[in-house]
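Visitor: One structure follows; several queries about it will come next.
Each value in this text was obtained by applying a stated rule to the coordinates, not by laboratory testing. Predicted model, so just to flag it, every value in this text is computed and none were measured. Cβ placement follows ideal geometry from the backbone for every residue including glycine, while neighbour counts extend to all protein chains displayed.
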Amino acid sequence: MNKPTLTYFDIPTSRGEEIRLALTIAGVPFNDERLSREQWNARKDSSPFGALPIFSQEGKPPLAQSNAILRMLGSEHGLLPKDAWESARHEAVMCAVEEMRAKLGPTNRISDAEEKKKAREALANEFFPTWTAQIEKQITGPFVGSELSVADLKIFVAMTPLLAGKIDHVPPSVFAPFTKTLALVAAVKAHPKVTAWYAR
């Protein structure tokens, strides 16, 4: 059987990156198809839901929506708990990450600098402390659970630019009180296969 293909934008962040990491940690060889915006616009109408990422495998219909892809990979490759309740708890964490992205994403499209600053500062002062405190409560071991999962990869990818100060007007100090979340991000970053992925 041919290798599966992950299709996403040519950026090392967000929903595509967390799936790349899941495939890498699972030891699944895959075609890493990276599209420009122009290439994606030409193919968008033929995609399942008009959005990336898309995961394709010979003989099966294409699979879209990042959490669905992560759930499938996690279940197949030991990156989600076998217990149904605990697995659902991990999936709830992944949904919470998407809710955070839904709050932050629209601020990227604000063209007025002062308006963007105001919106981002509101997130930093109000939304992010509450959201991260909720994530913190879900971390019951070194990770969301006792072992590395796709939920941890999703938190890691989502938090990395925030902790690196790459989101203007959202200072990394906002997250300093949340030591379990910071430790989780550090643990994922130190995983040998994650280190190898970023050392390529």
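Visitor: In terms of the Cα gyration tensor, with a ≥ b ≥ c the square roots of its eigenvalues, is the range 5-78 rounded because a/c is under 1.5, prolate because a/b exceeds b/c, or oblate?
Guide: Taking the square roots of the gyration eigenvalues as a ≥ b ≥ c, the range 5-78 is prolate.
Visitor: Given springs between every Cα pair under 10 Å in a Gaussian network model of the chain, which of LYS117, LYS180, LYS154 has the largest fluctuation?
Guide: Of LYS117, LYS180, LYS154, the most mobile in the Gaussian network model is LYS117.
Visitor: From a point 7 Å beyond the Cα of CYS95 in the direction of its Cβ, which residues of the range 29-69 have a backbone N at a distance under 19 Å?
Guide: Residues 64-69 fall inside that zone.
Visitor: What ³J(HN,Hα) values, in whole Hz, does the Karplus curve 6.51 cos²θ - 1.76 cosθ + 1.60 give for the range 76-83 when θ = phi - 60°, with x put for Gly and Pro?
Guide: 3J(HN,Hα) across the range 76-83, in whole Hz: 6, 10, x, 10, 9, x, 6, 5.
Visitor: So, one more: What does the charge count near THR181 come to, summing +1 for each Lys or Arg and -1 for each Asp or Glu among other residues with Cβ under 15 Å from its Cβ?
Guide: Value of the local net charge: +2.
Visitor: If the cut-off is a Cα-Cα distance under 18 Å, which aspartates and glutamates reach LYS116, setting aside same-chain residues fewer than 8 apart in sequence?
Guide: Counting by Cα, and skipping residues close in sequence, LYS116 has these aspartates and glutamates nearby: GLU126, ASP168.
Visitor: For the range 33-38, in order, what is each residue's ³J(HN,Hα) by Karplus, 6.51 cos²θ - 1.76 cosθ + 1.60 with θ = phi - 60°, in whole Hz (x at glycine and Pro)?
Guide: So the J values, rounded to whole Hz, are 7, 10, 9, 7, 4, 5.
Visitor: Could you work out how far apart the two model spin labels at ARG109 and THR179 are, taking each label as a point 7 Å from the Cα in the direction of the beta carbon, and quote it in nm?
Guide: Each label point lies 7 Å from its Cα, and together they span 4.1 nm.
Visitor: Give me VAL174, VAL150, VAL188, VAL28 sorted ascending by neighbouring Cβ count inside 10 Å, so fewest comes first.
Guide: In increasing order of surrounding Cβ atoms, one gets VAL28, VAL174, VAL188, VAL150.
Visitor: Under 15 Å from the Cβ of PRO48, count the other residues' Cβ atoms, weight Lys and Arg +1, Asp and Glu -1, and hand me the total.
Guide: Within the 15 Å Cβ shell, the charges total +3.
Visitor: Another question, then. Could you pull the Rg and Dmax for the range 84-191, using just the Cα atoms, both in Å?
Guide: Cα only, the range 84-191: 14.1, 46 Å (Rg, Dmax).
Visitor: On the first, second and third principal axes, largest extent first, how far apart are the outermost C-alpha atoms of the chain in Å?
Guide: 50, 41, 33
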